[in-house]
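Data block below; observations after.
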Number of protein chains: 2
Amino acid sequence: MRTTLCDKLGIQHPIVGFTPSEHVAAEISRAGGLGVLGCVRFNDADELDSVLDWMDRNTDGKPYGVDIVMPAKIPTEGTSVDLDKLIPPEHRAFVRRTLEELGVPELPDEQRRNSGVLGWLHSVARSHVDVALRHPVRLVANALGSPPVDVIEQVHQHGIPVAALAGKGEHARRHVDNGVDIVVAQGHEAGGHTGEIATMVLVPEIVDAVGHRVPVLAAGGIGSGRQVAAALALGASGAWMGSYWLTTSEYKMTAGDTATQRALLSAGSSDTVRSRIYTGKPARLLKTRWTEAWQQPDAPEPLPMPLQNILVSEAHERITRSGDPEVVSMPVGQIVGRMNEVRPVADVFADLLTELDETLDHLDKLRESR
Amino acid sequence: MRTTLCDKLGIQHPIVGFTPSEHVAAEISRAGGLGVLGCVRFNDADELDSVLDWMDRNTDGKPYGVDIVMPAKIPTEGTSVDLDKLIPPEHRAFVRRTLEELGVPELPDEQRRNSGVLGWLHSVARSHVDVALRHPVRLVANALGSPPVDVIEQVHQHGIPVAALAGKGEHARRHVDNGVDIVVAQGHEAGGHTGEIATMVLVPEIVDAVGHRVPVLAAGGIGSGRQVAAALALGASGAWMGSYWLTTSEYKMTAGDTATQRALLSAGSSDTVRSRIYTGKPARLLKTRWTEAWQQPDAPEPLPMPLQNILVSEAHERITRSGDPEVVSMPVGQIVGRMNEVRPVADVFADLLTELDETLDHLDKLRESR
């Protein structure tokens, strides 16, 4: 199957896979989709550079992309020490108390000076773009909508398209007016940053708003060939999938954190919650004892981006090290209910294509029946 | 197009339309779908009886159904006077104060003794079933999941299938175990009572849970042929549509309330809110100054079903009479963003079928492209 998206990105199948793991991203590209590497975890652009070197060696020349996190409006900026001062002591006290109550051990001394995830900072995201453009990337996506216009221009100068997530028709229109080339219509059921409008309603709305100007990808709730077919029926040129790769064997290779995968494998589609506790903006997360603690009456309101992520970043490290599946902090969509075994990306990808084909067969048969 | 649903219900197209308006229901049936009349507004079973007589005369012998509202567990029962006593005075005071602040006039004296909507009561819903079974109905649907087993048996004795709404796979399984014949998978984006799982995720989940035993209908977010096609791609045997008929000419005929239609016509897909203020259970409503008042810090927690609806039923009458589009109280799904003009049911239905056909053509073409 060949959609406008395939032509634009030079890929074989209209499936784009977002993932923080280079191992997953490379496999998606090798399978004929577009692997998109999430850059937010790279505080140091040199580290991203080495990982992209690895991607270049391991994708057999197939196209891949990168995903940055850059608000169009430049938010609070500063070194991590400056920003630290903006975090209210009662927020810190709540995090400290909660981790203690949840039995999450402290970090060993040598890890304490970790500065948290800085990829949310504008300056750091810009360094990601600079580094990515030194590699043969085929897409720069921005998880927070349209990047600033000068960044779009910088990417375009390299002949590379820019994709942006949108949760409303009006956002999509603004993105395209800014120069964005591909819109990802991200429905309410998606993992990570997500709005209120569900994929079923959002995709045709965004297709009607900007589909005559740019290809639209459907995101949110996609983890089977039936759902890819539904996305195409809604008018999308392809599917953007993020959560579904978190239980692949290759993700395990990068993260090495089996508690998270165990938690994801046992979760049902009702076991997510949309909350501001991860980044300061509403994002869908796995429902765990950590997210529940933030819903108690004594919990403070989450801080704005980027402060909330700085507040909780040591907590995230402690939680990851603790290895307790009940206290995981992980963005994931409602599709988690369909993530029930650890499998290689190639197998997952092949099944998507097979079921997509079966679904189109099924629709053909329905159509011929009278 | 012919699905298992068409055979089960004797209809031509796999589209079921739920509506409180007999004029809309009759037109849907005449167009080749199944019109399903919502019974909750009939406090008096004799009134329902006359309306079904009208349906019998105006559907050209085409199949139609009814929708009752009956929790499987028997809730608080009693006359309206008994139940009135269970409503805390501070709730009444909040409603009184809010209506005053919103400028909603009081009812004329002769209307004051109206007893509110009693269709939520078990005894009243049972009387609806008794009356419906004296008519040639082809489906009894229950908006609150599986009805009690003796009601299912009563309906089956007349050779009529029972449909039940489900918002989770486990609910669907329980419904079918109880004898339910058709499951309506109602996603988060739907109007009225709705759960947290979006249609894109819920439909395949319910199809996988019970699709080998009964037909599954997709509900929530459907108002175009692309969305009907997506529902079929997800494995549904058809679409259940409710909100989309609220802006038809025939609905206007029944409701005669142009303020509600004006409010719906101007609303976008972000202008809904899921709240317990309508019935006591979470239901998606049009976002208006009324729903916003209930989200203020001074607002009380909504009461459980059936008390909440009794609490607000006079308010609903006052709001309807006031004719202010900004203070409407109306269940509607996110598809309201696509409801932008008043049109006859027959035109709406014809467009659904045309776009469904075009969508299947489009998928065929995509498939052939390499």
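Read the figures in this text as sums done on the coordinates, not as results from a lab. Quick caveat: nothing in here was measured; it's all calculated off a predicted structure. Here the Cβ is made from the backbone with ideal geometry for all residues, glycine too, and neighbour counts use every protein chain on show.
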>> Shape verdict for the protein assembly as shown, please, from the Cα gyration tensor: rounded (a/c under 1.5), prolate (a/b greater than b/c) or oblate.
In response: prolate
> What net charge do the residues around residue B:249 carry, taking every other residue with its C-beta under 11 Å from that of residue B:249, with Lys and Arg at +1 and Asp and Glu at -1?
Replying inline: -2
> Where in region B:308-332 does the label zone of residue B:96 land, with the point 7 angstrom along Cα→C-beta and an amide N cut-off under 15 Å?
Replying inline: B:311-312, B:314-315
> Taking Cα atoms, how many degrees apart are the long axis of helix A:199-210 and the longest axis of chain A, rounded to 10 and kept between 0 and 90?
Replying inline: 70 degrees
> Ranked from highest to lowest mean number of other Cβ atoms within 10 Å per residue, what is the order of the peptides B:85-95, B:158-168, B:181-191?
Replying inline: B:181-191, B:158-168, B:85-95
> Which FRET efficiency, nearest 0.05, do residue B:46 and residue B:87 yield, Cβ-Cβ r, R0 22 Å?
Replying inline: 0.20
> Around residue A:67, which amide H atoms from residues at least 5 apart in sequence, or from another chain, sit under 5 Å from its own amide H, with H modelled in the peptide plane?
Replying inline: A:37, A:38, A:39, A:141
> Whole-Hz Karplus ³J(HN,Hα) for region B:55-60, in order, using 6.51 cos²θ - 1.76 cosθ + 1.60 and θ = phi - 60°, x for Gly and Pro?
Replying inline: 4, 4, 7, 10, 10, 6
>> Let me spell out the model: positive unit charges on the Cβ of Lys and Arg, negative unit charges on the Cβ of Asp and Glu, origin at the Cα centre of chain A. What dipole size does that give, in debye rounded to 20?
In response: 600 debye
> How would you rank A:136-144, B:326-334, A:231-239, highest first, on the average number of other Cβ atoms within 10 Å across their residues?
Replying inline: A:231-239, B:326-334, A:136-144
> Which pairs, out of B:8/B:281; A:168/A:281; A:168/B:168; A:8/A:62; A:365/B:365; A:8/A:168, put more than 19 Å between their alpha-carbon atoms?
Replying inline: B:8/B:281; A:168/B:168; A:8/A:168
> Placing a label point 7 Å from Cα toward Cβ, how far apart in nm is residue B:93 from its equivalents in the other copies, listed shortest first to one decimal?
Replying inline: 3.3
> Shortest first, in nm, what separates the label point of residue B:341 from those of the same position in the other copies (7 Å along Cα→Cβ)?
Replying inline: 5.2
> Averaged over peptide B:201-210, how many Cβ atoms belonging to another chain are found within 10 Å of each residue's Cβ?
Replying inline: 5
>> What does the structure give for B:192-199 when I average, per residue, the other chain Cβ atoms found within 10 Å of the residue Cβ?
In response: 5
> Roughly how tilted is helix A:169-178, in degrees to the nearest 10 and between 0 and 90, from the longest Cα axis of chain A?
Replying inline: 90 degrees
> Taking the DSSP beta bridges in the protein assembly as shown as the whole, what percent of them are antiparallel, to the nearest 5?
Replying inline: 20 percent
> Between copies, how close do the residue B:177 label points come, placed 7 Å along Cα→Cβ, listed in nm from shortest?
Replying inline: 5.4
> Hey, got the dipole for the protein assembly as shown? About the Cα centre, +1 on K and R Cβ, -1 on D and E Cβ, debye to the nearest 20?
Replying inline: 240 debye
> What list of ³J(HN,Hα) couplings, whole Hz, do you get for region B:282-298 from phi and the Karplus terms 6.51, -1.76, 1.60, once you set θ to phi - 60° and write x for glycine and proline?
Replying inline: x, 9, 7, 10, 5, 7, 9, 5, 5, 5, 5, 4, 6, 9, 6, x, 7
> How crowded by other chains is B:360-367, given as the mean number of beta carbons from other chains within 10 Å of each beta carbon?
Replying inline: 5
> If you line up the long axis of helix B:345-368 against the longest principal axis of chain B, both from Cα atoms, how many degrees apart are they, to the nearest 10?
Replying inline: 40 degrees
